[in-house]
Every structure is written in structure tokens, then in C-alpha cells.
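Notes to accompany the following structure.
No lab work stands behind these numbers, since they all come straight from the coordinates. Owing to the predicted nature of the structure, the values given are computational and were not obtained by experimental measurement. In this analysis, Cβ positions are derived from the backbone assuming ideal geometry, glycine residues included, and neighbour counts consider all displayed protein chains.
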Amino acid sequence: MKTRRFTVRLTMAVAMAAGFLGLSAPTASADSVVSRIDVYSPSMDRWIANDVISPAGGGPAPTFYLLTGVGGGEDGISWFNNTGVRDFFDDKHVNVVMPVGGKFSMYTDWNADDPVLGRNKWQTYLTKELPAAVNARYNTTGVNALGGVSMAGGPVLDLAIQSPGTYHAANMWGPWGSPQWAAHDPLINAEKLRGTALFISTGNGLPGPVDGINSLAMAAGVVPGAVLEGITNMCTAALQGRFGQLGIPATFSFRPEGTHTWGLFEADMRASWPMIAGAIGA
């Protein structure tokens, strides 16, 4: 591999029809190329880094956007840093784009600037600015998928709701309970996801081998994310029930173990890949 310098935990695939980039120098590799590109966001008036895995050749490829958790990857915790995505996608004909930024943002457009987080227009960036830049720089088919974990799980559904056709595979929206909150609620807007290929997964909050947690830590009860994954499990069950009421097809995976860990996230990403690949022609 050469190196150059998409809740509920959820991985979602959807078809997408649909700037200037900063790029550093390459180093040696085999099948795929790893790049870090900087994409200017007019809506947020700043440059945003993105780690990209792209196939070495073979013609145009679809694109899989992967979003991370609450730190937005700015804390060094991300798909790129904490999983084996580089090896997993090394021989696959797909562009994988992992934005670095958006901590605590829920990857949405906020109504107003935040005194700490600044201007957040992540819906605009992820549905308009970034895809346009990626399609201009890389050899893409214009067909996209979107995946996300933890903080990004709900937002990947919302991004598909807010921007139909883009992805076929505190002060954010005003006061709690306002019409804008309802407009971004996947349970309320589930019907808008009909026709989108969906893979939605969760652990149950009980630690297991999939987590990759030290056995001594488990024995001592030091299990990060156990309660959080338990809540995630309940949210996923509610979403499954809503989809069932409406007759919306989706793949739900409820694991008999698993806490809110990167071991679990990666296992579910790998499990979802055949469905995602089929949805976007990868």
C-alpha cells in the first residue's frame, strides 16, 4: 500500500449520483494508495483534512465515506488510526474517504456558531463540498456509500434523509422539540430511507472477544462503553421496530456480545462490506 500526504453504530450503503486540494508526497506501496488531502469548505471557511484510501488502478471506483465518533478524529481516534481499514481495503476497488474533524458536531449544519466549536456546517460539507472535491481529484464513478460509528451512527441516516439521492447505499437545530429537531429524527423520517441499502448493527453491552479488551480489564470490570452500547442496543431495537411497522427493508445485526469499542466497530464494518459493495458496485 502506498502512502501519500460512514446512534446506533451504523454502516449504511446508498447509491449516489452526484475546492482545491492539498496533497503531500508519496511513499512506497502495493495495491492501494493512501493520501491525506485538505479540502476547503466554503460553508465553514476552513480547510479540512481527509484520509483517503484509493485503488491503484482498474478504472473508476465508487466511494465509501467513513465517519468517526465524538472526537471527529481530531483526537487521533478514528477508523484510520484504530482499525485495520488500510489492510482491509488494500485489494478492494473502492475509494475510502475518512474526514478528520467535526468533534461533537453530530455531522450536521448548526443554526448558529458555537463559542467553543465555531461554525459547524457538516451536512453541507459531507453532501456537497467533499464529494465534489473527491470526484474532481480521484477516479470515481459518482456512486457513494456512507458509514459511521458512535456519534456518527444517527447522522449517517440523517444525511441520507436530508440529501435524497446523494447517498443511495446544544444549538444544532434550535430548542429541543422544535420542528427542525423533528425534521432530523430518523424514527420520524424513516419513510424517506425506503430504497436505501442499510446495515445497522449493535452489541449488547456485554464484553466479549470481539471487543479485543484485555481479559484482566474485563475481570476487573473495567469495560469502556458497556453502558453506552447497552443504550445503543435499545435505540437500534426501536429503529428496527419502526422499520418493521413501515415495511422498510434493512439489515439489522444484534450481536450477543460487544461493548462500544473499535474491535466491535471494525467487526461490523467488515460484516457489512459485502452488502455495501453490492449496493455501490465495488
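Annotations
- Mean Cβ count within 10 Å, highest first, over the residues of peptides 100-112, 256-268, 61-73: 61-73, 256-268, 100-112
- Efficiency of FRET from Cβ geometry, VAL227 and ALA136, R₀ 35 Å, rounded to 0.05: 0.20
- As a calculated quantity, the FRET efficiency between GLU191 and SER43 at R0 = 25 Å, using C-beta atoms, amounts to about 0.35.
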